[in-house]
């Protein structure tokens, strides 16, 4: 759908990148080599929702590296409660996963720069990359990436876009499905697709490919057509990496952080800590090597 207009769109921005690349300093050009994109590998899948597939966005070596970083750190995946915004366990999502640190190493940094170049959304608007693992029968029921609560919008606002990177091939199942997509009835499917994939427009996970879709319309209203899910894995296993991107910066400006002392940055921190969020969501609550968390006092990792 719309492949001609999509090709023109991406060629325009490709040449814009080339112009910026040629006018930059030598150090910037060195970094720019990581993010030059090939628009011939991008296909517009849908306009409702806006969805694009980039074939070979990651190298196989990059895929294997991300899996290696996550393999021994996986925990049961959580979902955000629609009313409270808290992370809770649910049979809606049966995968396991973990979050990497932003710019954790050069490979992660390179991928984050490439995502920013493709989406034209700043790196600082992105959350930390989440690595997910689905075993036989595991799934994520259809859901929205934009928020229904106000708590999760306090930092960065709504999630505007999602980049889903497939880190492995799946023998059968594990497709990403859009039940409300305009193309769900016109997409041809043979016996290689799972029954779940027949319920909407679907994308097969192929190692190295990346799926970009937007959760908001161009006028910033939420897009109900962006409803999506991960079909159960039938044969094999599925590894993926997700980068959620917000409308504003997801990094807390240093001037908003306490310069010293032991404090919480959110009045809800004590309650979150009692619910176990310090262990379930450590990057946000406790922090990382490069950025302090928001609830260090409630997580008792410092003394006031």
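The values are calculated or read from the model by the stated rules, or taken from the named source; none is laboratory data. These numbers come from a predicted model, not from an experiment. Because the Cβ atoms are built from the backbone with ideal geometry, glycine has one as well, and the counts that use them run over all protein chains shown.
Kindly indicate whether residue 208 is at pLDDT 95 or above and in a strand (DSSP E or B). Criteria not met by residue 208. I'd like to check something: does the stretch 118-125 contain any residue that is assigned to a helix (DSSP H, G or I) and within 20 Å of residue 39 (Cβ to Cβ)? The answer is yes, given that some residue of the stretch 118-125 is assigned to a helix (DSSP H, G or I) and within 20 Å of residue 39 (Cβ to Cβ). Exactly one residue out of 74, 36, 66 is modelled with pLDDT of 55 or more, assigned by TED's automatic domain parsing to the domain that holds residue 139 and crowded, with 16+ Cβ neighbours inside 10 Å, and it is 66. Against the criterion of being in contact with a strand residue (DSSP E or B) (Cβ under 6 Å, 6 or more places away or on another chain), touching a residue at least 60 places away in the same chain (Cβ under 8 Å), surrounded by fewer than 20 Cβ atoms within 10 Å (Cβ to Cβ) and over 23 Å from residue 62 (Cα atoms), residue 227 qualifies.
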